[in-house]
Amino acid sequence: MPRMINKIVRRLRDYGLWPTVLYSGYASYDAYQSWQLGITAAMRASRFFIPHAESRLPGIEYYSHQPTTSYYMFRYVFDHYILPDQRDVFLDWGSGAGRVLLMAGATYPFCRMIGVEYDVQLAAFSRQLIQTSEHRLRCRTVKIINLDARLYEVPPDVTVMYFYNPFGPAIMQAVCQNVRESLIRNPRELRIVCYRPHVFDVSIAGSGWVAKVAELFIPCVSRDSIAVYKTVPERSSRRRVAVTR
Ligand SMILES: C[S@@+](CC[C@H](N)C(=O)[O-])C[C@H]1O[C@@H](n2cnc3c(N)ncnc32)[C@H](O)[C@@H]1O
């Protein structure tokens, strides 16, 4: 409780009254939803788990672990733009402590979910977290791959991807190339959600295989935007034209 009061006082000082009231509204929504889904303890644990520095990628750019904070933002974007159902396969790039897998699995009936995480401790922690929360999940087929994302070959059935600011430009470039190769092997509609989308935007600039369909900024929840993309079905549209002729 004193921690909460301290936080509110700090917000009042830094942002003023109205933004603090709005923020408290969103935070209460998150707390209520977690309670309803029965994942309050797991959400808390996933938010505060901090890995040791030594398990990080040596010698290359590394975007450190920072868990998705707002269930409201996640839910808003998925309810309005993604609408997942039981045919969808979800992939979280840089899945960290498993927070997004937890939110997604508790809320939507994905067919299966995959997390790709380089950090050994985070991967182990998230596996444990998902296992102990399994009875609360609508999607219980969850695999966490402990690997550098650049080396991960995207499975042909992945339809929804999430990036919560996981990579710098070089890794993002390699990951986008992997995604593109997966689409060439198996053309399909892929929906991509990207928080703080600048690096992703730079990586896909001029490539033409994916288009931004929305970019949202939710004041008082986050200072950064969240963007939604859909793949541009070049090959399938060409095929459809050929058939109608
Ligand atoms: C900002 S956190 C996001 C965590 C989680 N997706 C969430 O939203 O709660 C980014 C994660 O990407 C991971 N990461 C960074 N570089 C990576 C790489 N090359 N391969 C796999 N994971 C990586 C980090 O270890 C970190 O856990």
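The values are calculated or read from the model by the stated rules, or taken from the named source; none is laboratory data. These numbers were taken from a predicted model, which means no experiment stands behind them. Note that we place each Cβ from the backbone using ideal geometry, even for glycine, and neighbour counts take in every protein chain shown.
Listing for the model above:
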{"read-out": "Residues (over 14 Å from the mean Cα position of the chain (by Cα) and basic (Lys, Arg)) located in the range 74-126", "value": "87, 112"}
{"read-out": "All helices (runs of 4 or more DSSP H) inside the range 56-154 with 2 or more residues being surrounded by 15 or more Cβ atoms within 10 Å (Cβ to Cβ) and within 9 Å of the ligand (Cβ to nearest atom)", "value": "99-107, 120-133"}
{"read-out": "Pairs where the first residue, in the range 111-126, is over 15 Å from residue 100 (Cβ atoms) and the second is aliphatic (A, V, I, L, M) and more than 9 Å from the ligand (Cβ to nearest atom), C-beta under 9 Å, 6+ apart", "value": "111/89; 124/144"}
{"read-out": "Test: residue 57 is within 28 Å of residue 142 (Cα to Cα), of a type in the set (A, V, I, L, M, F, W, C) and at pLDDT 95 or above", "value": "no"}
{"read-out": "Odd one out for residue 177 among (1) of a type outside the set (A, V, I, L, M, F, W, C); (2) within 11 Å of the ligand (Cβ to nearest atom); (3) surrounded by fewer than 18 Cβ atoms within 10 Å (Cβ to Cβ)", "value": "(2)"}
{"read-out": "Some residue of the range 3-24 being among the aliphatic types (A, V, I, L, M), at pLDDT 90 or above and in a helix (DSSP H, G or I)", "value": "no"}
{"read-out": "Positions within the range 82-101 being over 12 Å from residue 158 (Cα atoms) and of a type in the set (Val, Ile, Thr), in sequence order", "value": "82, 100"}
{"read-out": "Residue that is touching a residue at least 24 places away in the same chain (Cβ under 8 Å), in a strand (DSSP E or B) and surrounded by 15 or more Cβ atoms within 10 Å (Cβ to Cβ), where the choices are 220, 194", "value": "194"}
{"read-out": "Counted residues, the range 155-174 - those being touching a strand residue (DSSP E or B) at 6+ places or on another chain (Cβ under 6 Å), among the hydrophobic types (A, V, I, L, M, F, W, C) and within 12 Å of the ligand (Cβ to nearest atom)", "value": "2"}
{"read-out": "Residue 174, sole failed condition from (1) on the phi > 0 side of the Ramachandran plot; (2) in a helix (DSSP H, G or I)", "value": "(1)"}
{"read-out": "Residue list for the range 31-54, filter: in a loop (DSSP other than H, G, I, E, B), exposed (fewer than 14 other Cβ atoms within 10 Å of the Cβ) and modelled with pLDDT under 80", "value": "52"}
